[in-house]
Amino acid sequence: MTFLILTIFLGLTACTNHTGDKSVTDKIIADSSSTRQKKSATTDSLTWQKDELTKIYTQAIAEFIKSAYKKDKTTFDTLYFGKHIYGQPDDFPCIELPATIENTQIRLVSPEVGQKKQAARKSLVYVNMMGWVDNEKAAFILVVFSNGGEHQYDYFINFNHNTSSGKFELVKIEFENYLHNNGQKPKRITIYKDGK
């Protein structure tokens, strides 16, 4: 229950569209850097080795790419992921992702570099990925920005850890569309659940 409340709170906090004169990415960077102390990057569980974290993050990104295509035929040439490290449980872990996932180029950049790249190229897709991994489950929120830093949509991806196979299995993918929502909180749509 605590995990669900934390996930909802972080999702709502990350998804605020009202930022005054600042762009969404300005607000995310300013809020993050002013309220968080610098510590080493961690995940919810320190028991997971880097290679295991790399696998589950790669798996979540692959599911995101496949879901975006299945939902509305969205394809990506390159995705830029914010490597945010603020000493919080949802920090991006100290891992290196594959250069390509599902035929899409993957680039890890600092939030500051992501902001500059979005200002220079409006079509660039920047993803703020937050993850929580433990011995039983893994949950991810992918907050997607484009059009010069405009919040586009969010994906919520959940896995359960199968102890017999030692692998994470996809449980559910949900989607919230922030385009053309007139300032209203969008409805969360389940696009995959329990194998369907």
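Read the figures in this text as sums done on the coordinates, not as results from a lab. Just so it is clear, the structure is predicted and the values come from calculations on it, not from any experiment. We place every Cβ from the backbone using ideal geometry, glycine too, and count neighbours over all the protein chains shown.
In 10 Å bins starting at 0, how do the alpha-carbon pair distances of region 61-188 split up by percent?
12, 40, 38, 9, 1
With θ taken as phi - 60° and the coefficients 6.51, -1.76 and 1.60, list the Karplus ³J(HN,Hα) couplings across region 75-92 in order, rounded to whole Hz; mark glycine and proline as x.
10, 10, 7, 9, 10, 9, 9, x, 8, 7, 9, 10, x, 10, x, 8, 4, 6
Cβ under 14 Å from Thr163's Cβ, Thr163 left aside: what net charge do those residues give with Lys, Arg +1 and Asp, Glu -1?
The answer is -2.
Cα-Cα pairs above 16 Å in region 132-196: how many percent?
The proportion of pairs with Cα distances above 16 Å equals 55 percent.
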